[in-house]
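Reviewing the structure listed below.
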Amino acid sequence: MPELTKQRPKYLAINEIRLPVPGFVSILHRVSGVGLFLALPFLLCLLQLSLGSAAEFQTFKAIVGHPLAKLVLFGLCWAYLHHFCAGIRFLLLDVHVGIEKEQARASAKGVLVVSLGLTVIVALKFLGVF
Amino acid sequence: MKAKILVGAHYGLKDWIIQRATAVVMALYTLILGIAIIAGGADNQESWRGLIGNGFFRFVTPLFILSLAYHAWIGVRDLWMDYVKCTAVRLTLHVVTILVLVGYAVWAVQIIWRL
């Protein structure tokens, strides 16, 4: 089979290939979904403690007051907000709103900016900045 | 024996629609809960318990929980379908995912309805 052993030219410049913004939003949608799924038992524990007795509520406050827990919760907050915003974008694309290339790129950038922005606002509120 | 055709038009459409329907339910719930929290519904534990324990939220939170479980099932199932090629491993992961999500849903509803 000479055609299989023939050397064919390749022009794949891996360092120059970029995932377009809508593709980036799409993969982050999957990543954030996985993160939220994995965090469900932790979040359910927190919900249970927050709604439990006064002693359990103190445990809840101690946990969410820990710097590492705060970091995880801010990450999960971003995951939820990104999944929420990107999900709304996908629902609009499903009904053929904003499917032109330029609009789709703009809405993908919008999803990244809005979800990060809202995460910063929630984090600042949580840290008592305002 | 004729093999059953598992691909083609409409196979999976039901799950596709349910994934979107549950997404809309969760999005609306998120907005309502977000507004309630901004309005002071979680300022202290008493108001937080009062918010989640009131008649309206006792009704809609389980709807959110069931939507989340079904939505997560479809999403995680797609993940196994995309990346796990070995059928035995994939089917085992499917069963484990269902068991875990049903357990979470029952646990979550119990937290809400115990109030």
| said: Against the definition (part of a helix (DSSP H, G or I), more than 10 Å from chain B (Cβ to nearest Cβ) and at pLDDT 95 or above), how does A:LYS61 come out, yes or no? | reply: no
### Query
Looking at the stretch A:91-113, is at least one residue closer than 30 Å to B:ARG114 by Cα, surrounded by fewer than 18 Cβ atoms within 10 Å (Cβ to Cβ) and at pLDDT 95 or above?
no
The one condition A:CYS85 fails out of (1) open to solvent by less than 80 Å² (accessible area, probe 1.4 Å); (2) within 11 Å of chain B (Cβ to nearest Cβ); (3) out of contact with any Ser or Thr (no Cβ under 6 Å at 6 or more places or on another chain) is (3)
The residue from B:LEU33, B:LEU101, B:LEU79, B:LEU68 that alone is closer than 23 Å to A:PHE57 by Cβ, of a type outside the set (D, E, K, R) and within 12 Å of chain A (Cβ to nearest Cβ) is B:LEU33
Among (1) surrounded by fewer than 16 Cβ atoms within 10 Å (Cβ to Cβ); (2) of a type outside the set (D, E, K, R); (3) part of a helix (DSSP H, G or I); (4) more than 9 Å from chain A (Cβ to nearest Cβ), B:TYR11 falls short only on (3)
The residue from A:ALA69, A:ALA55 that alone is assigned to a helix (DSSP H, G or I), open to solvent by 50 Å² or more (accessible area, probe 1.4 Å) and without any contact (Cβ under 8 Å) to a residue 24 or more places away in the chain is A:ALA55
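The values are calculated or read from the model by the stated rules, or taken from the named source; none is laboratory data. In this text, all values refer to a predicted model and were calculated from it rather than measured experimentally. Cβ sites come from the backbone with ideal geometry, for glycine too, and all protein chains shown count toward neighbours. SASA here: full protein model, heavy atoms, side chains in, ligands and nucleic acids out. Shrake-Rupley method; radii C 1.70, N 1.55, O 1.52, S 1.80 Å.
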